[in-house]
Amino acid sequence: MSTIGQGVDRVDGRDKVTGRATYAAEHRLPGIAHAVLVTSTIASGRIVGIDAGTAERMRGVVLVMTHRNAPKLPKGGRGAVDPPAGRVLNLLQDDEVLYSNQPVALVVAETLEQARDAARAVRVHYAAHAPTMDFDRARFNAAKPEKAKQEPADSRRGDLQAGIDAAAEQIDVGYRTPMEHHNPMEPHATIAAWEGEHLTLYDSTQYVSGDARTVAKVLGLPNERVRVICPYVGGGFGCKGSTWSHVVLAAMAAKSAGRPVKLVLDRPQMFGPVGGRPETEQRLLLAASADGALTAVRHNVIAASAFQEDWLETSAIVTRMLYACGSQETTHRLARLNIGTPTFMRAPGEATGSFALECAMDELAYELKMDPIALRLRNYAETEPEKGKPFSRKELRECYRQGAERFGWTRRDPRPMAMRNGNLLVGMGMATATYPANRKDARASARILADGSAVLASGTQDLGTGTYTVMTQVAADALGLPISRVRFELGDSSLPQAPVSGGSQSVASVAPAVQQAATAARTKLVGMALADRASPLFEAAPGEVQVENGFLFLQSAPDRRDSYAAIIARHGGKPVAAESAAEPGDEKEKYALHSFGAVFAEVHVDPELGTIRVPRIVGAYDVGQLLNEKTGRSQLIGGIVWGVGMALMETTEYDMRYGRPVNNNLAEYHVPVNADIGDIDIIVLPGKDPVINALGTRGIGEIGITGVAAAIANAVYHATGKRVRELPITLDKVM
Ligand code: MOS
């Protein structure tokens, strides 16, 4: 009766479509006041004066908070910086401005309209410097960061020069990716409410417990005084993985105002103070012998970062692990600009890195006159090439094979401009997708209630991805209950702790915890029945007991059965409770854990207009056990859709003079809409990851975007003969 893997409908679907699901800004609290953030109009300089008097006298205004009257925080508000998820925040503690859209004041009023009106009346005077915005110049001063996530910024194996000297063909080319900003439908939003010295935050976050800890640390409070509640997130994608300034500012304002305060960022404020994907320049050297064996690989990355804090887009990490090649060198350097600190954005590193690497592989395949899949198979890494560890499971060959077959790769004439559909140029391109399989400690609790139903809980998050649904499935499976009789709670820092819903790790971390808690509760219940003279299962062997549909029964004698509700009723009606702490073992020591995929894209390019359409994409993936065919497919499709946006549309354009993003809205910051997306066909290979956890399941949040931009860029080359190495591939670049 297990539903694991089946396309079960979202258990929260009805609440979502009927508006009953409560997002951060929708919680109703008595006496709530509305806050509006005022952000800097310069990108570099100092605040020399603030005229808040007019705003303060306006009707309904409760508070105008600036650096002159904001509460002074311990360590100037820098008490919580804990990389990589910790952030240097802008909490009105000084007069320095380091990026456009930096918070400089917060206006609180009785109504949103009054707050907005008054926010416009706050006059901020600056001594402005010319901001550093030109990546092309800043890259000459690029500096080495200390670390790239948990990995060193630079890597080296073998003898690069010897590998280059031994090659028959080589390419040495540069790729560029632009600054991009996350634009979840639900912007960042926070309600802060104090009860004495206890703070409750209703915050849209990917990490309820981390959010609570960060705010506690910044404000100098013990952890137990801050609680974060977040039952629903309207999209995160990485920007809600860290606690940003507005969260703490809302708490400060609520304290000063003596009442709950709600702060929602407006769409333009999503461009700067809450992260983004930084611009990169990536130089790729690939050298190979005539049969396509890679003899040398060099990947040098320069990524934009901020002045107030280092954050690195780890584009070359993917190059270290994807192909077998004995001679390799990778480097990462940071070019500082007057921008808000960049951050995780769906597959940070892999999305940009796989674009460069997988385009370079295509270029090399053309140099070698080889099929792009054959080139990848020629360099297939049987073990992880950097550390020599075996992969826990790598079915990438099968991804290439099944993807190519579904796509019809053999129909491809490899010559550029060789294929047409009417007057449209047709291109077919492919690329490899990959993302690490991460897992961290997670806890969960389980209670079987008097009516025989169950409640499971873990302080994890559902970003719209299906966490509620898949955890309900896992619990129902372990408890022998239909999913309609299981409720899963999440999104509250007071629940058993779970990791950040980032790095594609929620499923791999939390599902084992839920499975263990449910199994422990079931074991307790079985023990109660076996010791109970009134039970038909009295003194049966524990190994004989099966569960199904809220009943225990004996395998050998199915008519000896006892319902959960009856067992609990005979024991005084108290819920049967259990807790779990699921921790990864030493598998990362022994194995390399990664997900893989192969992406195939077809493009149609109008030779006169340069317009590019993507009528179809096929993606074939090895992600271990998929818990839910429907939500899982949706998530992979979502990643691919974003990959189309990355390939063809997305870029944040700055006014270099003022450092201001000029397309800071959804009208001008282009993302794909329905009409831009053709047929997306997803294949997920069956089977489990035998190592990562008992369910064999890996996260799938990020792999979907990887490889897509490269597959499309390679298809554009195939269609047009134009090698566009700079994203997004807009029509001007193919003309
Ligand atoms: Mo993901 S970019 O780690 O939320």
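Every read-out reported here was derived from the displayed coordinates using simple, explicitly stated rules and does not represent laboratory data. The structure presented is a predicted model; accordingly, all values stated were derived computationally and were not measured. Reconstructed Cβ throughout: ideal geometry from the backbone, glycine too, with neighbour counts over all protein chains shown.
The table for this structure:
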{"quantity": "When the chain is reduced to its Cα atoms, the Kirkwood hydrodynamic radius in Å", "calculated": "27.2"}
{"quantity": "Approximate spin-label separation Ser494-Met656, in nm, with each point projected 7 Å along Cα-to-Cβ", "calculated": "5.4"}
{"quantity": "Per-residue HN-Hα couplings for segment 438-450 [Karplus 6.51, -1.76, 1.60; θ = phi - 60°; Hz; x = Gly/Pro]", "calculated": "9, 8, 9, 4, 8, 10, 8, 10, 9, 9, 9, 8, 4"}
{"quantity": "Cα-Cα P(r), segment 440-583, percent of pairs per 5 Å interval", "calculated": "2, 11, 21, 21, 17, 12, 8, 5, 2, 0, 0"}
{"quantity": "Value of D in µm² per second that Stokes-Einstein yields for segment 612-726, Kirkwood Rh from Cα pairs, at 20 °C (1.002 mPa s)", "calculated": "133"}
{"quantity": "Charge dipole (segment 551-661, unit charges on Cβ, about Cα centre) - positive-most of Phe596, Val644, Gly585", "calculated": "Gly585"}
{"quantity": "Inter-site label distance for Glu224 and Ser556 at 7 Å from Cα along Cβ, in nm", "calculated": "5.1"}
{"quantity": "Computed helical MRE - 222 nm, the chain, DSSP H runs ≥ 4 contributing -39500 (n - 2.57), nearest 500", "calculated": "-7500 deg cm²/dmol"}
{"quantity": "Length gained when the stretch Glu146-Leu29 is fully extended (0.36 nm per residue, less Cα-Cα span)", "calculated": "37.7 nm"}
{"quantity": "Formal net charge of residues neighbouring Tyr380 (Cβ-Cβ distance under 10 Å; K, R +1; D, E -1)", "calculated": "+3"}
{"quantity": "Gain on full stretching of the segment that runs from Lys389 to Ala569 - 0.36 nm per residue minus C-alpha separation", "calculated": "59.5 nm"}
{"quantity": "Listed pairs Lys240/Lys524; Lys75/Lys588; Lys389/Lys688; Lys440/Lys630 exceeding 30 Å between Cα atoms", "calculated": "Lys240/Lys524; Lys75/Lys588"}
{"quantity": "Neighbourhood net charge (13 Å Cβ-Cβ; Lys/Arg +1, Asp/Glu -1) for Arg415", "calculated": "+1"}
{"quantity": "Anchor Lys255: lysines whose Cα lies under 18 Å away (excluding residues fewer than 8 positions away in-chain)", "calculated": "Lys72, Lys217"}
{"quantity": "Proximal aspartates and glutamates relative to Lys16, as straight alpha-carbon distance under 14 Å, when same-chain residues fewer than 8 apart are discounted", "calculated": "Glu26, Glu186, Asp462"}
{"quantity": "Estimated FRET transfer efficiency (Ser2, Arg267; beta-carbon r; R0 51 Å; 0.05)", "calculated": "0.75"}
{"quantity": "Rg and Dmax [Cα atoms of segment 37-89; Å; Rg one decimal, Dmax integer]", "calculated": "14.6, 42"}
{"quantity": "3J(HN,Hα) from dihedral phi, segment 62-74, Karplus parametrisation 6.51/-1.76/1.60, rounded to Hz, x for glycine, proline", "calculated": "9, 7, 10, 9, 10, 5, 7, 10, 5, x, 6, 9, x"}
{"quantity": "Fully extended contour minus Cα-Cα distance, from Ala290 to Asp15, at 0.36 nm per residue", "calculated": "93.1 nm"}
{"quantity": "Spacing of the two label points (7 Å from each Cα toward its C-beta) at Leu666 and Arg415, in nm", "calculated": "4.6"}
{"quantity": "Summed residue charge, Cβ within 12 Å of Lys524's Cβ, Lys/Arg positive, Asp/Glu negative", "calculated": "+2"}
{"quantity": "Principal semi-axes in Å for segment 11-170 [√(5λ), Cα gyration tensor, largest first]", "calculated": "44, 26, 16"}
{"quantity": "Kyte-Doolittle mean at least 0.0 and Cα axial length at least 20 Å: DSSP H helices in the chain", "calculated": "350-368, 506-530, 629-648"}
{"quantity": "Cα-Cα P(r), segment 534-600, percent of pairs per 10 Å interval", "calculated": "15, 29, 18, 17, 17, 4, 0"}
